[in-house]
Each structure stands twice: as structure tokens, then as C-alpha cells.
Amino acid sequence: MIIEPRVRGFICTTAHPVGCATNVREQIAYVLRNGPVADFPKRVAVLGCSTGYGLASRIVATFAGGADTIGVSLEREPTATKSGSAGFYNNRAFEIEAQKIGRSPVTLEGDAFSDELKQDFIARVREKFGQLDMLVYSMAAPVRTDPVTGKTYRSAIKPLGAPVEIKTLNTETGEVYETTISPANEDEATATVAVMGGEDWQRWIDQLADAGVLAPGFRTLNYTYIGSELTWPIYWKGTLGRAKVDLDNKAEAIRARLGEDAARVVALKAVVTQASSAIPVVPLYGTVLFKVMKQLGLHEGCIEQIDRLFRTRLGRDAEVDDAKRLRVDDWELSADVQKEVSRRWPLLTTETLGELADLPEYKTQFLRLFGFGIDGVDYGQDVDPRVVPG
């Protein structure tokens, strides 16, 4: 069949196996050009391993750090007439390339929030690795079912306290417009913390520690985004911000159990992901940010960010901020970048978008998440959606 992108808002319902595999190989090539990372953890788990920052973490750990990895993600398998999820193809492409260099990765596809998968994971770690040296938590899901109570929580990305009027972007039409977002009620705020806070992260670490599969000196990282003041009304000062505070609190609890260097929240820069595309104001901010950072020679995608993180921020003496987070959003939040983004922000209209921002780059990066728009791929060729090329 010929697979084409089917985009509705911030969702693409199709993915291209050849395009996804090519995208994975391009990220691997970038890491290999930068050479090996010395003294890297050799037994690494990545939760949310199939796209974005999680996939980049697994690639850098394997192809620069020489690690064997176990990954977890929730995917949709392909059929003879329907494509699978992009993550399904990314996982298979990663496994193929890792095996070529003598690594033997393990991938579990299922609900990482469930205790059943956690127990399966522990069994596989015992069988394959014995213990883990590092775990990366890079999960972004809108819904979570608590394994203890059985209650399902749905996140609500809203401000707190009062309505917020904010500028945003229709990425399909290029229209810039003002929108008013109503505040969350307390149930919505609580649900957002339950989904996007640190409860599941701490649950993972507690169960792994109780099972005795964490090696001496074990470390865990959890990725977050803080952003600039332009996004704070809907982001840091809203329900998401409350979830981020919970994340910091859970990191402190893990450190209290396992040691001062055992857990770090890592603040990363804005990139195009399916999750971020759903947040009001963030796509508009991103289109401006990307253009400014490219003009200043500072632009990074997921693979560049994680490569820099793993090469420069994992030392025991790495600098942390007041909340004990590692920061790799330093280039985004630098004075030169934020000054120029802030200068352009009030000037943004539908008519000035092309001059001040880079919507085509945003759209390109969004489609690349699903294996589309990648150089060297013949999208007019019939492919079997069940086959990932080696």
C-alpha cells in the first residue's frame, strides 16, 4: 500500500515504516559522528523509548555509551492494510541497528503505568541484565489509570485561578489569534498531577529497588520542560506547573531513599512532539523560537539535546539549579534568544508569521515524527506496513 500522512489537528493517524527507519538511522549517524561517551552506564532502561527524547536517549546510550537497553512504550501494531504507530516502527528500526553492533536490546510494549508491566519488566531485567545502572523516564501520556485504586485520570492543560487570554496558532491554516482559556477546577488540577506528576516515576523506582534490581550507584532521570515567561500563563503557572512541582518533590523522595545523586529532573528545550502540539501557545512559541535559534546557530532537536545532556551533564559534579534539576534548556533561555523572541512576540499576526517565525519548519518536524517528509524516501512506492527495512 501507499502510506500518506493523515493529520487531524495535532494527531497524525498514519506512520511510514521506511521513513521512520530512515529517521532512526539519521539520529544514529549523528551520534556516531560525535564519538563515544566515556564511562557511560552500561545497563540502561528507557520508559517512553519509542519517540522524541526517549528514543534519542536510547540511541545515545547504545551508540555512544555502549549500553544494552530495555525500553518500554505503548504501541499500535500494523496490519496488512493499516500502518502501525510511529513508535512501533522506531522500536523495530532501533533494534535492527543495535543488533548490527552487537547489542541485544529488549523492548516491552504495553501500559507502563500498570503494575503488571512493571513486574514483567523486573523479570526481564533479572534475566537479561541482573541489575540496572540507569533509568530514564520520558513518558508523555494524557491518561493514566492508578494501579492501586483503578481510577482513571485525564490531564487538563489549563491555567489556575482565573481565565487566561493568550495568543496561539492554528498550525494547519497559519492563523494567529487570541483565545481565552478557562481555569481548571480542583479535580482537573488533581488529575493532571496524577498523570503528569512524579507518582508513577517514584512507583517504578520503589518497585525496582524493592526487587533488588538497582545496581550500586544507580541513577534515574526524568525529563521535563519549564519554558519561558511567554508560555508560563498556560504552562508553568497552570495545571502543568503543579505537576512539575510534584515531579520535583518525587525526585527529592527518591534521593532520600537512594542517595543525593540518584534522581534528577532534567529541564530540556522546546521541541516538536505530539504532546507539545496539543498545548495552547506552545506551537506558536515554538515557531518563533526555532527561527531565532537557527539564526543564532543554537537550534537543537531531540537527538542533539540528549547527546549534549549525556556528554556534558551526567558527571557527579554536574551543576544543578535551585530545585536540584539538571538544565539543558540553557540555550533556549539565554538572554540573546529570549530577548529576540520577546521582541517578535507582540508583532506576531497571521500576516507577519512568515517573516517572524518558521511554521514550515514546525510542520516538517511534526511530519518527521511519523516518518514523512524525509529525504531519500520514495513515498510513492508500495510498502508492506508490517515490514521495517533493515
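The values are calculated or read from the model by the stated rules, or taken from the named source; none is laboratory data. Nothing here was measured: the structure is a model prediction, and the numbers come from that model. Methodologically, a virtual Cβ is constructed for each residue, glycine included, from the backbone with ideal geometry; neighbour enumeration extends over all protein chains shown. In case anyone asks, the SASA skips ligands and DNA or RNA and just uses the protein heavy atoms, side chains included. Shrake-Rupley method; radii C 1.70, N 1.55, O 1.52, S 1.80 Å.
Averaged over all directions, how much area does the convex hull of the C-alpha atoms of the chain cover when projected, in nm²? The partial results should precede the final answer.
On the way: hull surface 75.7 nm².
Convex hull of Cα atoms, orientation-averaged projection: 18.9 nm².
Got a sec? What order do 362, 30 fall in by accessible area at 1.4 Å, biggest, i.e. largest, first?
Solvent-accessible surface, decreasing: 30, 362.
For the pairs 158/244; 158/339; 118/250; 269/339; 167/244; 244/294, note any where the Cα-Cα span goes beyond 20 Å.
158/339; 167/244; 244/294, as the Cα separations exceed 20 Å there.
Leaving ligands, DNA and RNA out of it, work out the accessible area of residue 330 with a 1.4 Å probe and give it in Å² to the nearest 10.
Per-residue accessible area (residue 330): approximately 60 Å².
Can you list the equivalent-ellipsoid semi-axes of segment 230-279, largest first and in whole Å, using the square root of 5 times each Cα gyration tensor eigenvalue?
So the three semi-axes of segment 230-279 are 26, 13, 8 Å.
Sort largest first and round to whole Å: the equivalent ellipsoid semi-axes of segment 128-185, each the square root of five times a Cα gyration tensor eigenvalue.
Square roots of five times the eigenvalues give 36, 19, 11 Å.
Where nothing but the Cβ of Lys and Arg (+1) and of Asp and Glu (-1) is charged, how large is the charge dipole of segment 76-229 around its Cα centre, in debye to the nearest 20?
Working: 16 positive and 23 negative charges, 125 e Å.
Here segment 76-229 has a charge dipole of around 600 debye.
Give the accessible area for residue 377 in Å² (nearest 10); use a 1.4 Å probe, count only protein heavy atoms, and leave out ligands, DNA and RNA.
Per-residue accessible area (residue 377): approximately 20 Å².
Once the convex hull of the alpha carbons of segment 327-390 is built, what does its volume come to per residue, in cubic angstrom?
Output value, Cα hull per residue: 171 Å³.
Divide by every residue of the chain the summed helix terms, -39500 (n - 2.57) for each DSSP H run of at least 4, and state the resulting mean residue ellipticity at 222 nm, rounded to the nearest 500 deg cm²/dmol.
Counting only the DSSP helices, I get -12500 deg cm²/dmol.
When a/c reaches 1.5 or more, the comparison of a/b and b/c decides; with that in mind, is segment 76-151 rounded, prolate or oblate per its Cα gyration tensor?
oblate
Please list the equivalent ellipsoid semi-axes of segment 238-390, computed as the square roots of five times the alpha-carbon gyration tensor eigenvalues, in descending order and whole angstrom. Provide the component values of the computation, followed by the final result.
Values: eigenvalues 192, 116, 47 Å².
The equivalent ellipsoid of segment 238-390 has semi-axes of 31, 24, 15 Å.
Which three extents, in whole angstrom, do the alpha-carbon atoms of segment 1-68 cover along their principal axes, largest first?
44, 24, 19
Using alpha carbon centroids, what distance separates segment 302-365 and segment 33-84, in Å?
Going from one Cα centre to the other spans 23 Å.
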